1. Placing one identical point scatterer on every Cα of the chain and ignoring solvent, what is log10 I(q)/I(0) from the Debye formula at q = 0.13 Å⁻¹?
2. Using a cut-off of 15 Å between alpha-carbon atoms, which aspartates and glutamates can reach Lys106, once sequence neighbours fewer than 8 places away in the same chain are excluded?
3. With the crude spin-label approximation of a point 7 Å out along Cα→Cβ, what separation in nm comes out for Asp29 versus Ser194?
4. At 222 nm, what value in deg cm²/dmol follows for the chain if DSSP H runs of at least 4 each add -39500 (n - 2.57) and the sum is divided by all its residues, to the nearest 500?
5. Which whole-number percent gives the relative contact order of region 33-117, counting Cα pairs below 8 Å spaced six or more residues apart?
6. Just the accessible area per residue of region 127-187, please: how many Å² with a 1.4 Å probe?
7. Given a 1.4 Å probe and every protein chain left where it sits, what share in percent of the accessible area of the chain is carbon and sulfur?
8. Remind me, relative contact order of region 118-196 in percent, using alpha carbon pairs under 8 angstrom and six or more residues apart?
Amino acid sequence: MASNSIDPNHTAMLSLDLQSGIVSIYTRDDALVTRASELLRLGRAAGLTIVHVKVGFRPGVPEIHPRNMLLGAIKDSPAHQQLFAGSAGSIHPALGPEDGDLVVTKSRVNAFVGTDLGLLLRAREIDTLVIFGIATSGVVLATTLAAADEDYRIFIVKDCCADLDEAVHTCLIEQVFPRCATVVSSDELRARLSDN
């Protein structure tokens, strides 16, 4: 298979942490959600496996140890915990999930850690991942590096990712991700999906 082609039978589209509360913090308008929604629609139509990954915790957040510098703030803050509960913690309604979509709930940054994501992908013989979400320096980075270590072919959709630090986002998209993934725009990915 050519490195730039997408075989729908062996490709999963991972929509990462695009929960209503997170989207409201990281995006200024609906453009990212509109682009992601269109890609998800095209992915479903093409027969890709669609996986929504979201952050979720039990009451009291027993999944997080206080020494975890990155996630410890969530454990210490009931206000932060509300970001992942109720409607704020649900997948953005413009994105799904729809019938046939899979939903994976994680309590870590990396979508593979402590979840059945790897099991679901292996059961469907997935070898290619289309990845996008929020934040570029969080779940997108951690999941991409983990997937690269597992020998997946990876496409990162750069204009369907966002970060509060634009310089970090740009560095990852332009300098880091191209070392282990094919970085594309939503328009470029749309064209590849339309070719199938």
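1. -0.65
2. Asp17, Glu63, Asp116
3. For the pair Asp29/Ser194, the computed spacing is 2.2 nm.
4. -9000 deg cm²/dmol, from helical runs alone.
5. Details: 85 pairs, mean separation 32.5, N = 85.
Reported as a whole number, the value is 38 percent.
6. Values: 2420 Å² over 61 residues.
For region 127-187, the per-residue accessible area is 40 Å².
7. Numbers: 4730 of 9500 Å².
Of the solvent-accessible surface of the chain, carbon and sulfur hold 50 percent.
8. Numbers: 91 pairs, mean separation 24.2, N = 79.
After rounding, I find 31 percent.
The values are calculated or read from the model by the stated rules, or taken from the named source; none is laboratory data. These figures come from a predicted structure and were not determined experimentally. Positions of Cβ are backbone-derived with ideal geometry, glycine not excepted, and every protein chain shown enters the neighbour counts. Keep in mind that these areas ignore ligands, DNA and RNA; they rest on the heavy atoms of the full protein, side chains included. Shrake-Rupley method; radii C 1.70, N 1.55, O 1.52, S 1.80 Å.
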